[in-house]
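Let me begin by presenting the structure, written as structure tokens, before commenting on it.
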Amino acid sequence: MEYSGSRLLSQKQIDKMLEDKKLAPGFGKPADPAALQRIAFAIRSGLNELGHPEASVNIKREEAKNATVSVRFEINDGPHLRVRQLNFVGDPQLSSKILRGQMRNIAPGEAARFVAGQGRIHSGSL
């Protein structure tokens with residue numbers, strides 16, 4: 001497997017991330033399109049956590065005459081986007097001030113997941 005195009009993630013970082021998520025590719029095993037999609041998704045997720053929500057990963061498969069497949073993941077990091085405005089919509093019993101205070105206690109990567117799952121982001125001036 002080969003990874004190309006990313007300025008943010010090195011081959012070593014990608015290998016480590018995939019190993020940690022138990023997605024490391026199995027060499028010599030049959031090519032599994034679903035497993036390749038999971039790997040591409042994991043790479044995109046890693047870039048999203050680094051502030052690159054528009055990252056993309058294309059899978060390029062090349063079949064050789066000896067019935068083997070080589071796979072290259074072409075990575076486009078996308079632009080670095082920062083949240084400039086955050087509005088909370090929902091339960092009026094919790095003020096925006098309290099929610100913002102709680103978010104400061106959450107790890108930076110976790111804050112985005114909290115907002116995506118529990119609140120709404122209004123792009124406003126993004």
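Table for the structure above
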{"quantity": "Residue-level accessible surface for Val71, protein heavy atoms, 1.4 Å, Å²", "calculated": "20 Å²"}
{"quantity": "Qualifying GluC sites (Glu not before Pro) for the range 28-87 [loop in DSSP, other Cβ within 10 Å: at most 14]", "calculated": "Glu54"}
{"quantity": "Proximal lysines relative to Lys16, as straight alpha-carbon distance under 27 Å, when same-chain residues fewer than 8 apart are discounted", "calculated": "Lys29, Lys60"}
{"quantity": "In Å², nearest 10: area of His80 left accessible to a 1.4 Å probe", "calculated": "90 Å²"}
{"quantity": "Candidates per trypsin sites (Lys or Arg not before Pro) in the range 3-44, loop by DSSP, up to 16 other Cβ within 10 Å", "calculated": "Arg7, Lys21, Lys22"}
{"quantity": "Accessible surface ranking that places the most exposed of Lys60, Lys29, Lys97 first, with a 1.4 angstrom probe", "calculated": "Lys97, Lys29, Lys60"}
{"quantity": "Antiparallel DSSP beta bridges within the range 1-100, percent to nearest 5", "calculated": "75 percent"}
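The values are calculated or read from the model by the stated rules, or taken from the named source; none is laboratory data. Predicted model only: the values in this text are computed from it and were never measured. Counting neighbours? That spans all protein chains shown, and the Cβs are built from the backbone with ideal geometry, glycine included. Just the protein is used for accessible areas: all its heavy atoms, side chains included, with ligands, DNA and RNA removed. Shrake-Rupley method; radii C 1.70, N 1.55, O 1.52, S 1.80 Å.
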